[in-house]
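Accompanying notes for the structure given below.
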């Protein structure tokens, strides 16, 4: 390729006129030069070049960051491969998001102060340097200045709209230049913005010497106002921002050369590949830091294993990239060598499609665990067997009812594939391995129905018995292939008595009939579990009616599972709500739906005279029912008389289900 002068970002590296540089590996060659120090000093011409610039970005990609620092595509490749040790403000290139919930806006403030150029009309002092072929270029000019990056981050919680958070953060950061910190004029922050500013963190990367780096929005705001004067007061503290490199081959045909550049397309593919791996790392990190996962060690172990494998694979790829880039530029290997390792990746189990699929599966598993545990917020999750043992040996506890996740401990077939795939030392030696098509436990439709059924049974039984001191409810993970998914376990006096326990559950609503002034309830056994007897609950209606107000219910237990039960102590001429529970050896069920019935008395009336009602409490309901039965909106004595006579002659209960 034609040898031309290269303009390059310094990226915090200590570069000066006369310094040797190897463009094949993008590395500084210290300790050698073509001229002695005195010659270089005399040959440098300096001129002022003041300039200030301000930019913002919401992107976290390397390509967008590189644009801010004026990094070429070729230098980006070296950064990707880890060939360039960046410093100062350029450390911004290495700062990546750690969470998908993270909103980010970066502010770049840049200044230039002077330009130094080394005139090439000086005689070369050390000709042997050219023949050693350790360098390809020499630094002939340097632009000095300073840059600062303030990276503002805001983490959205699960209940917040991430797009709204990003929009607010973007506005607040872009308003920094217009905010008067003295409070006179300018833009003033609203209460909402002040509250938001407390949540914003700031990371500073700069070429300025500060006593303390800002870590909050307000500290960054204060520093921004001071930045213009920092370099003006200490101009000698300016650092190289940009350099110009002159090809040594123009000085001697024996000098080393940059034979070829890697194509932009391949560099873009490489960058995309590494960003895919980075996104997978972010997703994995979010899953591992989820609070629910701490309660399930088996799930956490799989994610940590995946995270480790991903790190190993990325390190292997970067190692290969770091070796290939200088070799391709120096003409030792062909560009197709890089094409080949990209092709290996695209067929590997670490390609984006497979990584996303595995992470989505684990997210689904974690979402299921999260859903179930959140809906049982009053039930503790026991992640260690020792915690379970301490409950089982508690003498005050007769029964322990466990909701067990029985399929969390399994050998993930995809992790097994990754293990086999990584059993080589060099990336180029990686081989394709067959990929599994196994369905995971939480993806099986028949198990989902079974799990929902077990979950609802457990939750219903817990709600009905949570205040009973002799019963404890817990959530655990216990491997049990015979009961995949979820099962309910019952321990009595510390011993497992049923690994597929079916507690009693909500029975059907009672049927009420009135026979010779007796209130007969027809009760039914619980659809699940073993019903030993019933608990009947009844009460009169109240103005502020609430079935949840248990204190107001009269309670009586049946001696056995008799399905017909006569309700006594019921006063005449009153309305009543009635419901019941199934009772088992372990505990009681959720209550049935409540039924409203009328215990009717006699009505005394005389047409044309004042009505004498004994059913004072039902007058409104009776009036509504009469008008409905008569299909009339007129409330007349003749209508009332005929309807009351009909109702009095047919004293049937009226069931109203709550």
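The values are calculated or read from the model by the stated rules, or taken from the named source; none is laboratory data. Source: prediction; values computed, not measured. Here Cβ is always computed from backbone atoms with ideal geometry, including for glycine, and neighbour counts include all displayed protein chains.
For residue 11, are the conditions met, namely being crowded, with 19+ Cβ neighbours inside 10 Å, at pLDDT 95 or above and assigned to a helix (DSSP H, G or I)? So residue 11 fails the test.
Applying the criterion of being over 43 Å from the mean Cα position of the chain (by Cα) and part of a strand (DSSP E or B) to the residues of the range 580-602, the residue that is modelled with the lowest pLDDT is 599. Only one entry of 462, 501, 442 meets the criterion of being in contact (Cβ under 8 Å) with a residue 24 or more places away in the chain, within 26 Å of the chain's Cα centre (by Cα) and outside any strand (DSSP E or B), and that entry is 442. Within the range 331-346, does at least one residue satisfy the condition of being outside any helix (DSSP H, G or I), over 20 Å from residue 458 (Cβ atoms) and in contact (Cβ under 8 Å) with a residue 40 or more places away in the chain? Scanning the range 331-346 turns up at least one residue that is outside any helix (DSSP H, G or I), over 20 Å from residue 458 (Cβ atoms) and in contact (Cβ under 8 Å) with a residue 40 or more places away in the chain. Among the numbered conditions (1) under 19 Å from residue 58 (Cβ atoms); (2) buried (at least 20 other Cβ atoms within 10 Å of the Cβ); (3) in contact with a helix residue (DSSP H, G or I) (Cβ under 6 Å, 6 or more places away or on another chain), the only one that residue 111 does not meet is (1). For residue 403, the stated conditions hold: it is under 30 Å from residue 496 (Cα atoms) and part of a strand (DSSP E or B).
Yes or no: residue 559 at pLDDT 90 or above, exposed (fewer than 12 other Cβ atoms within 10 Å of the Cβ) and not assigned by TED's automatic domain parsing to the domain that holds residue 406? Answer is yes for this residue. Among the residues of the range 22-53 satisfying the criterion of being in a strand (DSSP E or B) and within 45 Å of the chain's Cα centre (by Cα), which is surrounded by the fewest Cβ atoms within 10 Å (Cβ to Cβ)? Per the criteria, the residue is 51.
Answer yes or no: is there a residue in the range 481-498 that is surrounded by 13 or more Cβ atoms within 10 Å (Cβ to Cβ), out of contact with any strand residue (DSSP E or B) (no Cβ under 9 Å at 6 or more places or on another chain) and in contact (Cβ under 8 Å) with a residue 24 or more places away in the chain.
Taking the range 481-498 and keeping what is surrounded by 13 or more Cβ atoms within 10 Å (Cβ to Cβ), we get 483-492, 494, 496, 498.
From what is left, the residues that are out of contact with any strand residue (DSSP E or B) (no Cβ under 9 Å at 6 or more places or on another chain) are 484.
So of that shortlist, the ones also in contact (Cβ under 8 Å) with a residue 24 or more places away in the chain come out as 484.
Scanning the range 481-498 turns up at least one residue that is surrounded by 13 or more Cβ atoms within 10 Å (Cβ to Cβ), out of contact with any strand residue (DSSP E or B) (no Cβ under 9 Å at 6 or more places or on another chain) and in contact (Cβ under 8 Å) with a residue 24 or more places away in the chain.
Restricting the search to the range 370-400, which residues are in a helix (DSSP H, G or I), within 31 Å of the chain's Cα centre (by Cα) and either on the phi > 0 side of the Ramachandran plot or surrounded by fewer than 19 Cβ atoms within 10 Å (Cβ to Cβ) (or both)? Answer for the range 370-400, where residues must be in a helix (DSSP H, G or I), within 31 Å of the chain's Cα centre (by Cα) and either on the phi > 0 side of the Ramachandran plot or surrounded by fewer than 19 Cβ atoms within 10 Å (Cβ to Cβ) (or both): 370, 371, 374, 385, 386, 387, 388. Within the range 228-281, count every residue that is assigned to a helix (DSSP H, G or I), surrounded by 19 or more Cβ atoms within 10 Å (Cβ to Cβ) and touching a strand residue (DSSP E or B) at 6+ places or on another chain (Cβ under 7 Å). Going through the range 228-281 one residue at a time, the tally reaches 2.
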